[in-house]
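K.L.:
If you scroll down you'll find the structure; I have some questions about it.
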Amino acid sequence: MSRRIVIAATLLALLGAVVLRPDGSRDTGPDRGCTDGRPCPAAPPPRAPASPVPLDARAFVDTIGVNTHLFYLDTSYGDYAMVKRRLLELGIRHIRDGLDPGRTEQFFDRVNDLAAAGIKSTLIACRVEPGGVPWTTYVDDAKRRVRSSLDALEGVNEPDLVAAGADWPTLTRACQRQIHSQARGSAFGPPLTVPVMGPSVQADDRQLGDISASADGGAIHPYPGGRHPGSRDGHPFAAQMADVRASQFGGARVPVYATETGYHDALNATGEHPPVSQRAAAIYLPRLFLEYARGGVRRTFVYELVDERPDPALADVELNYGLFESDWSHKPSAIALKNTIALLDSPGNGPRRPLRHALANIADPDGAGPRGAVRDVLLQKADGSYWLALWQDSKVWDESARTDIANPPARVRVTLDRAMSLASYRPTQAATASGRRTARSFTVAVGDDLLLIRMTAAGNQRRGP
């Protein structure tokens, strides 16, 4: 995977999906004041409608995944007890790893043990380098050894990088056809019912050609390259999805999976893929998962769970992608992700009922302002509680100067279609609530980091998430 960095800077992605705006209803509810207790300025006119139908909160959490290397026994992954402990602590239910020939029984045992704990695996099931590897073993292993532990199979990882000197399009198509036909056929056992995803081509999807007959969905690797999740620079996220669907699936709106993305904190690295600070990664990561989910990505896998080895010099990009340090201590991004999942997860899926809401940026009623627009996503848990996610589409890291940026919060008026009991959470800081009140119209300070507002029927407010 190390060669993906060669191309990462040219594929800077992550779409800022269309910003949801207020619903256009008149603001007739009482203003309970700003978060600091002072009266707030009059609300500006409402804007365009926002969708009143929330996302299912559990379904959103199920879009979150993380890359692992369960077979890297000479790295931090060699401590399997910590691998499992940290995955369960985060609340992760989906990992991505490699199903290559020659894997030991220990690898399959780990995949199955994680599945027994509720963590399923997407496994890369094709390889075009080194040559001569028998492809038949991929589906054989998948069916016989880890069948019940699978989320999906995936085609060749970045074939245009790992086999750049070979005829990678021909090799990749051949392997994809074989794993798909064997997965769907009776070879090695009954057919698999999990998706078989295509390869993650990095440079030009058109070279691969149409693979719609041998793949159920596409794979992309939209690394931000140090930019914030809403950046439109480089190769935008929407364009990557469109390119994969157009070139590999004849324009069909197949599911698309982001099987690698994320940030590294090798602050002294000199390559083309810029780092971010640990502070910036913690702010960006929850925003990234929300951007992807509302943009239609089926599942997003951050790269990766843990730094594989110590790197005191902070100079090796490949050793600094982890959510955890190499000694398994928490980075701020691990804490932010853990809190976000804990707050938004739900024991089951439930009916989603409309709740109209309107936003108005008091400081800048006519536009996004210099820091970026305020974004919002409405979610609902099975217990009926609504969760409004708010954040500024802001840049908190200067890639050139390699310094943090602290932006002032934006005062945002939120108007609901009925009075609700409210509680606020900032998962980058803690999973505890603040700002409890009951209101139909209220003002909050929306900063760079994710703000979650739990909304329940008035009188039914609970003390926990």
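Computed from the coordinates by the stated procedures, all read-outs in this text should not be read as laboratory data. The model shown is predicted, which means the values in this text are computed figures rather than measured ones. Every residue, glycine as well, gets a Cβ built from its backbone with ideal geometry; the counts of neighbours run over all protein chains shown.
K.L.:
Quick one: pull the percentage of alpha-carbon pairs in the range 57-344 with a separation above 36 Å. Kindly include the intermediate steps, with their values, before the conclusion.
P.N.:
Working: 4205 of 41328 pairs.
Every Cα pair in the range 57-344 considered, those over 36 Å come to 10 percent.
K.L.:
Considering amide H positions built from the backbone, and no H for Pro or chain starts, which residues 5 or more places from Met420, or on another chain, come under 5 Å of its amide H?
P.N.:
Under 5 Å from the amide H of Met420: Ala439, Arg440.
K.L.:
Could I ask something else about it? Cut-off is 10 Å between beta-carbons; in what order do Cys175, Cys126 appear when sorted fewest neighbours first?
P.N.:
On the way: Cys175 22, Cys126 26.
Sorted ascending by nearby Cβ count, the order is Cys175, Cys126.
K.L.:
Quick query: amide H of Gly209 versus all other amide H atoms, modeled in the peptide plane; which residues come in under 5 Å with a sequence gap of 5 or more or a different chain?
P.N.:
none
K.L.:
Still on this structure, please answer the following. Rounded to whole Hz and in sequence order, give me ³J(HN,Hα) for the range 240-257 from the Karplus expression 6.51 cos²θ - 1.76 cosθ + 1.60, θ = phi - 60°, writing x for Gly and Pro.
P.N.:
With the stated coefficients, the range 240-257 comes to 5, 4, 5, 4, 4, 5, 6, 8, 9, 9, x, x, 5, 7, 6, x, 10, 10 Hz.
K.L.:
Could you list, in their original order, any pairs among Lys120/Lys338; Lys84/Lys331; Lys120/Lys331; Lys84/Lys120; Lys84/Lys381; Lys120/Lys381 whose Cα atoms are separated by more than 20 Å? Please list the in-between numbers first.
P.N.:
Working: Lys120/Lys338 18 Å; Lys84/Lys331 17 Å; Lys120/Lys331 24 Å; Lys84/Lys120 12 Å; Lys84/Lys381 26 Å; Lys120/Lys381 22 Å.
Over 20 Å apart, Cα to Cα: Lys120/Lys331; Lys84/Lys381; Lys120/Lys381.
K.L.:
So what are the ³J(HN,Hα) numbers for the range 149-165, from phi and the Karplus equation (6.51, -1.76, 1.60; θ = phi - 60°), rounded to whole Hz, Gly and Pro as x?
P.N.:
9, 8, 8, 6, 10, 10, x, 4, 7, 6, x, 6, 9, 6, 10, 4, x
K.L.:
Please report, for the Cα atoms of the range 68-172, the Rg to one decimal and the Dmax as a whole number; what are they, in angstrom?
P.N.:
For the range 68-172, the Cα radius of gyration and maximum Cα-Cα distance read 14.4, 43 Å.
K.L.:
Just the projected area, averaged over all directions, of the convex hull on the alpha carbon atoms of the range 149-249: how many nm²?
P.N.:
Working: hull surface 30.1 nm².
Approximately 7.5 nm², given one-decimal rounding.
K.L.:
Please list, in chain and number order, the residues 5+ apart from Ala373 or on another chain whose amide H is under 5 Å from its amide H, with Hs placed from the backbone.
P.N.:
Residues meeting the amide H criterion: Asp393.
K.L.:
Now a separate question. Take the eigenvalues of the Cα gyration tensor for the range 245-322, scale each by 5, and report the square roots as semi-axes in whole Å, largest first. Mind dumping the intermediate values first?
P.N.:
Working: eigenvalues 169, 40, 22 Å².
Semi-axes, largest first: 29, 14, 11 Å.
K.L.:
Per residue of the range 61-77, what does 6.51 cos²θ - 1.76 cosθ + 1.60 with θ = phi - 60° give for ³J(HN,Hα)? Whole Hz please, x for Gly and Pro, Karplus curve as stated.
P.N.:
4, 6, 7, 8, x, 9, 7, 10, 9, 4, 9, 7, 6, 9, 10, 4, 5
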